[in-house]
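Participant: The structure that follows is given in the form of structure tokens.
The values are calculated or read from the model by the stated rules, or taken from the named source; none is laboratory data. Please read these numbers as outputs of a predicted model, since none were measured by experiment. Here Cβ is always computed from backbone atoms with ideal geometry, including for glycine, and neighbour counts include all displayed protein chains.
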Amino acid sequence: MEKRILISDIKNHIGETITINGFVDLRRDHGKIVFIDLRDRSAKVQIVVSERNTDAYGVLSGVKPEWVLSVTGVIKKRGEKTINPNVFNGDLEMEATSGEIFQMAEELPFEKEQEITLETYLNYLPLTLRTDRARAIFRIQARITDAFGGFLRENGFTEIQVPKIIGEDAEGGANVFNLDYFGHIAHLAQSPQFYKQIMVGVFERVFCAGNVYRAEPHSTTRHLNEYTSLDFEMGFIKSHEDIMEMETRMMEYIMADLKKNCAEDFKTLNAVLPDVPEKIPAMKLREIQELIKKETGEDCCNAPDLEPKHERWLYDYALKNFGSEFIFVTHFPISKRPMYTYEDENDPGYAKGFDLLFRGIEITTGGQRIHDYNKLVESMEKKGLDPKKFSYYLQAFKYGMPPHGGLGLGLERLTAKLVGVENIREATLFPRDMHRIDTLLSEEKKEKKD
RNA sequence: GGGCUCGUAGCGAAAUUGGUCAUCGCGCCUCCCUGUCACGGAGGAGACUGCCGGUUCGAGUCCGGUCGGGCCCGCCA
């Protein structure tokens, strides 16, 4: 295959005649001279189409946004007066000598790179995703998953793939999607929890990144019915604090990676990377609740979790008092946690577990898990679950399981908070919510009626 | 599941207490322009103000219903 020259690389071809491919971003028509901003996956550059170059002018002078082109021409340094210091490649341009149109395009149904409502954005995702903003967001997201895997591989973790179709309710309680499995009822996985725990018995340290499903009928800026969970699970830990330490180092690694590889995208989004402290502050839920009572007068001391507004309050508090945009909340009441949750022997009734809050939102839940078979069975019974239904999972514990723990991290939540978008759906390529699976569900319903 | 709120050209917005106000910007079409970079200039097309009904001499504006969007809460990542 012929090596294609990317627009980001044209500075190495000054004076040469080369061919570049891409999409029309914008045309500025001055009559006898036409400027085209052409973008490919790497960058943009200005094409100069002059009437003098008859071949190029004939083909290219009338192009419109999103037309797909191949342009051949000479890469030139711009004259002093025509340099644009505000854009990438602002000191270069291509003088077109010929061009080919691969595909024309209809007029976009929205204003590119302008403010549009979320509804319009979601209705035209195949096109709105082509904007600078969206491409920056999802390049960053791709780096996050890449760095997540990179860090864990360096630390002895093995990547695993886990099923998304499961037979029994994974953890009890949560709403799961049902599906017909050859006449049996199966569910869409709401987490990889059981499989990654089982795999601790195989590899000791495992991780996976995949979609999980929640049939919760919510409609907020931070919930999706299908989201991406970044999970790891590791054996031979002393306590949940080992998991917290691992996550802290992981965050450090991810942020360093983004700083190195996505600086331009953060600039596009006007977003700022957080500093990850050497030790992320950690407080017990009860300590925080007392603090909230003391500082705000609001009494939430008996609640099993923090309310969203208190999570935001805690963000301000941690930033002010600890200089950290991250904070761990530990020791939730065991009664409100899943059956595999490990009770703190030094703090009975409370879990050796934690949430990680970033910029005022919960992005991670993690903790130590019960590894003793009998205790696990006992815990299931306490929660009103039938151990027989979990016999497959329990095998791993019956035949030897090290002390272990892990966590799940919501990729879209992390992305949204990192890049500063208000709604999590802007941090999801093709978000699934109550009302929309690519198209509006209500419209499908309407069509069926007709 | 509960609550709040919004619905005006392709897109984003404006219309004092209901009284020719359906307006502006972008985009689109035609024409002019060899240095722009959100190019500029001249002209033009495009909306029964989501839908149905009501109040009124008069409704984009008020009321009821309906459809759709958004947000918050519960639950969670």
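Participant: Just give me the residues in the stretch A:35-61 being surrounded by 19 or more Cβ atoms within 10 Å (Cβ to Cβ) and within 8 Å of RNA strand B (Cβ to nearest atom), in sequence order.
Facilitator: A:Gln46, A:Val48
Participant: When A:Ala186 is evaluated against the numbered criteria (1) part of a helix (DSSP H, G or I); (2) of a type outside the set (Val, Ile, Thr); (3) farther than 30 Å from A:Val24 by Cα, which criterion, by number, is the only one it fails?
Facilitator: Just one mismatch for A:Ala186, condition (1).
Participant: Shifting gears a bit: Which one of these does A:Phe326 not meet: (1) touching a residue at least 24 places away in the same chain (Cβ under 8 Å); (2) farther than 17 Å from A:Thr415 by Cα?
Facilitator: A:Phe326 satisfies every listed condition except (2).
Participant: Which numbered condition in (1) under 37 Å from the mean Cα position of the chain (by Cα); (2) within 10 Å of RNA strand B (Cβ to nearest atom) is the only one that A:Gln103 fails?
Facilitator: Exception for A:Gln103: condition (2).
Participant: Given the structure, is A:Ile140 near RNA strand B (Cβ under 6 Å from one of its atoms), at pLDDT 95 or above and over 16 Å from A:Lys11 (Cα atoms)?
Facilitator: When the stated conditions are applied, A:Ile140 does not pass them.
Participant: Just checking, does the stretch A:107-119 include any residue being part of a strand (DSSP E or B) and either closer than 30 Å to A:Val421 by Cα or not charged (D, E, K, R) (or both)?
Facilitator: Scanning the stretch A:107-119, I find no residue that is part of a strand (DSSP E or B) and either closer than 30 Å to A:Val421 by Cα or not charged (D, E, K, R) (or both), so the answer is no.
Participant: List the pairs whose first member sits in the stretch A:34-49 and is farther than 13 Å from A:Ile10 by Cβ, whose second member is crowded, with 18+ Cβ neighbours inside 10 Å and of a type in the set (Gly, Ala, Ser), and whose Cβ atoms are under 6 Å apart, counting only residues at least 6 apart or on separate chains?
Facilitator: What qualifies is A:Val34/A:Ser61; A:Val49/A:Ala56; A:Val49/A:Ser61; A:Val49/A:Ala96.
Participant: If only one of A:Leu108, A:Leu92, A:Leu127, A:Leu118 is in contact (Cβ under 8 Å) with a residue 24 or more places away in the chain and within 6 Å of RNA strand B (Cβ to nearest atom), which one is it?
Facilitator: On inspection, the qualifying residue turns out to be A:Leu118.
Participant: Now for a separate question. Quick one: is A:Glu290 in contact (Cβ under 8 Å) with a residue 12 or more places away in the chain and either surrounded by 15 or more Cβ atoms within 10 Å (Cβ to Cβ) or under 23 Å from A:Ala351 (Cα atoms) (or both)?
Facilitator: Spelling it out, it is not the case that A:Glu290 is in contact (Cβ under 8 Å) with a residue 12 or more places away in the chain and either surrounded by 15 or more Cβ atoms within 10 Å (Cβ to Cβ) or under 23 Å from A:Ala351 (Cα atoms) (or both).
Listed here are the residues, each with its yes/no results for (1) in a loop (DSSP other than H, G, I, E, B); (2) within 16 Å of RNA strand B (Cβ to nearest atom); (3) in contact (Cβ under 8 Å) with a residue 60 or more places away in the chain.
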site	(1), (2), (3)
A:Ser219	yes, yes, yes
A:Leu224	yes, yes, yes
A:Ser229	no, yes, yes
A:His310	no, yes, no
A:Trp313	no, yes, no
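Participant: Then there's this: With the requirement that a residue be assigned to a strand (DSSP E or B) and surrounded by fewer than 13 Cβ atoms within 10 Å (Cβ to Cβ), what does the stretch A:83-106 give you?
Facilitator: A:Phe102, A:Gln103
Participant: I'd like to check something: does the stretch A:69-82 contain any residue that is farther than 23 Å from A:Arg4 by Cα, of a type in the set (D, E, K, R) and not in a loop (DSSP other than H, G, I, E, B)?
Facilitator: Looking for residues that are farther than 23 Å from A:Arg4 by Cα, of a type in the set (D, E, K, R) and not in a loop (DSSP other than H, G, I, E, B), one finds at least one in the stretch A:69-82, hence yes.
Participant: Could we say that A:Leu179 is farther than 30 Å from A:Ile243 by Cβ and over 22 Å from the mean Cα position of the chain (by Cα) here? Steps first, please.
Facilitator: Numbers: farther than 30 Å from A:Ile243 by Cβ: yes; over 22 Å from the mean Cα position of the chain (by Cα): yes.
So A:Leu179 fits the description; yes.
Participant: Quick one: how many residues across the stretch A:1-41 are among the β-branched types (Val, Ile, Thr) and assigned to a strand (DSSP E or B)?
Facilitator: Qualifying residue count, the stretch A:1-41: 8.
Participant: Okay, moving on. Can you name every residue in the stretch A:334-355 that is within 14 Å of RNA strand B (Cβ to nearest atom), farther than 15 Å from A:Met244 by Cβ and in contact (Cβ under 8 Å) with a residue 40 or more places away in the chain?
Facilitator: Correct list: A:Pro338, A:Met339, A:Tyr340.
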